[in-house]
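Comments concern the structure below.
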Amino acid sequence: MSRDDDRPARKPARAVPTGTGPGELRATRRLKGPGEIAEAPAPGGVAAAGPAATPDEVPLTPKGRVARAPTAPPAPARQAAQKLGLSAESRAAAYLMAKGYRIVARRYKTPVGEIDIVAQRLGTVVFAEVKARGSLDAAAESVSPRQRARIIDAAQHWLAAHPKAAGLPLRFDVILIAPGRLPRHLPGAFDASD
């Protein structure tokens with residue numbers, strides 16, 4: 001019996017576009033089988049050198065990823081705000097760990113918003129919002145009712161993704177960060193009924 005008789009029947013080959021940049025297709029690859037790729041010329045027998053892609057073909061980067069249009073870098077003020085926020089979240093996470101909390105997630109993104117820190121201590125799941133301002137009072141005033149609702153909705157998404165935590169007590173905390181001051185932790189700053 002030959003080796004070819006032992007192999008299962010293969011699916012027919014399909015063409016996959018390969019690109020060299022946004023809007024450019026170099027050629028198409030034909031997938032012959034698991035792990036086997038054979039180069040094939042573009043439709044018409046000649047390798048495409050420009051943006052002559054059909055509407056069904058998606059431009060790909062040399063690594064095979066979908067090419068995206070270049071975007072402008074964020075404004076310097078926005079970059080500074082992001083850097084400050086990341087620094088404040090790191091300080092808040094370190095502060096919570098020093099108080100005996102276990103950090104479960106940081107910057108947890110959901111379709112409705114982001115949770116800065118998800119922590120757990122003594123069987124209680126804590127959803128913490130971190131606010132960094134010039135003073136602790138300004139930071140405390142910056143948690144709006146709309147943000148509270150967004151955090152509560154995001155917490156529901158987190159709980160849906162982590163069913164083991166669904167039966168545990170929940171708490172919504174705020175951690176205030178100001179330059180030159182220790183962080184201020186406000187346990188139970190608001191609850192889901194607000």
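Read the figures in this text as sums done on the coordinates, not as results from a lab. Not measured: the values here are computed from a predicted model. When we count neighbours, we look across all protein chains shown, and the Cβ atoms used for this are built from the backbone with ideal geometry, even at glycine.
Arg91 is checked against (1) in contact (Cβ under 8 Å) with a residue 60 or more places away in the chain; (2) farther than 20 Å from Leu186 by Cβ and fails just one. What number does that condition carry?
(2)
So in segment 135-193, with the set limited to residues that are over 17 Å from Val104 (Cβ atoms), in a strand (DSSP E or B) and in contact (Cβ under 8 Å) with a residue 40 or more places away in the chain, which one is nearest to the chain's Cα centre (by Cα)?
For segment 135-193, the residue satisfying everything is Val174.
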